[in-house]
Amino acid sequence: MSPIISAGQVTWGLQLPVQSQSPSFVQPWELGAGTAELVSIAQAADRAGAFYIGVCDHVGVPRPADERMSAVWYDTIATLGWLGALTKQVRLLSHVYVLPYRHPLSTAKAFMTLDHLSGGRAILGAGAGHLQSEFDFLGVDFESRGRQLEESVAVIRAAFAEEYPTVGGPGAEVGIGMSPRPAAPSASRESLPIWIGGSSKVAIRRAALLADGWLPQGPPKMGLSNAIAFIRSEREAAGLPAAFDLGMNFGSVFLGQADFDLEQYARGPAVHGTAEQVAEGINKFAAKGINQIQLRFIGKDAHQVCDQIEQFGAEVGPLLVCG
């Protein structure tokens, strides 16, 4: 296990709009958006120097959960693979892929292929899942989902490491061929990285012990500072390296003064102001050791969101500093 963000670096990324449209966060313009808008925002992030673009994961949202979650959730791998062909350097993150829904070797094959085709840009963001009705619909046990995730990570790591891993099911001792292989190791990463999502204590512990990084799903109940200290103590006790990618959801951001109801579009509070003011807010978290900041860019339409992303990359990105 190893981090992929260089020591002293503070990166930023975004979960893409359009590809998931929960009423809790969807912006009004997204409801009529599609392919062109999704591509334009992914490419703006690529040009602006974003570390990653993220795509969510739900196989389907059963009724009546669709009333609060929507039924619009693009397929994770299909979307990342397509956007990988239309971008050049931005990393391709699943945020987060629900491992209990699939055989771990199927997950490994999908992400190895994505990594191979994109020249080493895949990040497997993994989670245990939360929507019980979706588990029930798919015939997957909900109560054991944490254990299933842990067992899956071990199998996936074996497949990432060996072309013929001896894991995965009956007869596995003979080895099962898994190609194409992930992109070759480089100075920036030893292997295809795994970040584990979740903000509960048990999810944070899993991230600390099994992953290369942590993807919070909202503010942790124990508080961010306590969560960071907990991760560090768990890794130290397990004899794991201190280096680890630590993320946070910064929330909605808008550079300048909006000529529309910012909170309506953000579905809640939004950080706004000059580049210096926004950077100051982010750097407070970087001072705690956070090196990966996830942002939501707000705008009246996709064009304005693209402008915001590129402005952030040009004006705020250079001001981000590691504490």
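The values are calculated or read from the model by the stated rules, or taken from the named source; none is laboratory data. Predicted, not measured: the structure shown is a model, and the values here were computed from it. Here Cβ is always computed from backbone atoms with ideal geometry, including for glycine, and neighbour counts include all displayed protein chains.
Being closer than 20 Å to Ser2 by Cα and hydroxyl-bearing (Ser, Thr, Tyr) holds for only one residue in Ser188, Ser133, Ser106, Ser179, and it is Ser188. Among residues that are over 18 Å from Ile123 (Cα atoms), without any contact (Cβ under 8 Å) to a residue 40 or more places away in the chain and part of a helix (DSSP H, G or I), Leu31 is included. Within segment 239-254, restricting attention to residues that are surrounded by 22 or more Cβ atoms within 10 Å (Cβ to Cβ) and farther than 30 Å from Glu190 by Cα, the residue that is farthest from the chain's Cα centre (by Cα) is Phe254. If you take the residues of segment 270-296 that are touching a residue at least 40 places away in the same chain (Cβ under 8 Å) and more than 17 Å from Gly247 (Cβ to Cβ), which of them is surrounded by the fewest Cβ atoms within 10 Å (Cβ to Cβ)? Within segment 270-296, the match that is surrounded by the fewest Cβ atoms within 10 Å (Cβ to Cβ) is Glu276.
Could you tell me how many of the residues in segment 64-91 are aliphatic (A, V, I, L, M), within 18 Å of Val26 (Cβ to Cβ) and touching a residue at least 24 places away in the same chain (Cβ under 8 Å)?
So in segment 64-91, the residues aliphatic (A, V, I, L, M) come out as 65, 69, 71-72, 77-78, 80, 83, 85-86, 90.
Still in the running and within 18 Å of Val26 (Cβ to Cβ): 65, 69, 71-72.
Imposing the further condition that a residue be touching a residue at least 24 places away in the same chain (Cβ under 8 Å) reduces the set to 65, 69, 72.
The total comes to 3.
Among the residues of segment 177-199, which ones are touching a helix residue (DSSP H, G or I) at 6+ places or on another chain (Cβ under 7 Å) and hydrophobic (A, V, I, L, M, F, W, C)? The answer is Met178, Ala183, Leu192, Ile194, Ile196. Taking each residue of segment 185-207 that is at pLDDT 95 or above and looking for partners that are of a type in the set (Asp, Glu) with beta-carbon atoms closer than 7 Å, six or more apart or interchain, yields Leu192/Asp115; Pro193/Asp212; Ile194/Asp212; Trp195/Asp212; Trp195/Asp245; Arg205/Glu234; Arg206/Glu150.
Of all residues in segment 128-145, those satisfying the criterion of being part of a helix (DSSP H, G or I) and either polar (S, T, N, Q) or within 23 Å of Ser191 (Cβ to Cβ) (or both) are Gln132, Ser133. A Cβ distance below 9 Å, combined with a sequence gap of six or more or placement on separate chains, defines the contacts here; from segment 154-170, residues that are among the aromatic types (Phe, Trp, Tyr) reach residues that are in a loop (DSSP other than H, G, I, E, B) and surrounded by fewer than 19 Cβ atoms within 10 Å (Cβ to Cβ) in the pairs Phe160/Arg181; Phe160/Ser191; Tyr164/Gly175; Tyr164/Ile176; Tyr164/Gly177.
For segment 125-150, residues that are among the charged types (D, E, K, R) and surrounded by 13 or more Cβ atoms within 10 Å (Cβ to Cβ) total 3. Taking the criterion of being within 24 Å of Ala33 (Cβ to Cβ) and crowded, with 20+ Cβ neighbours inside 10 Å, the residues of segment 309-323 that qualify are Ile309, Phe312. The residue list Ser199, Ser179, Ser191 contains one member that is of a type in the set (Ser, Thr, Tyr), within 20 Å of Leu105 (Cα to Cα), within 18 Å of the chain's Cα centre (by Cα) and not in a helix (DSSP H, G or I), which is Ser191.
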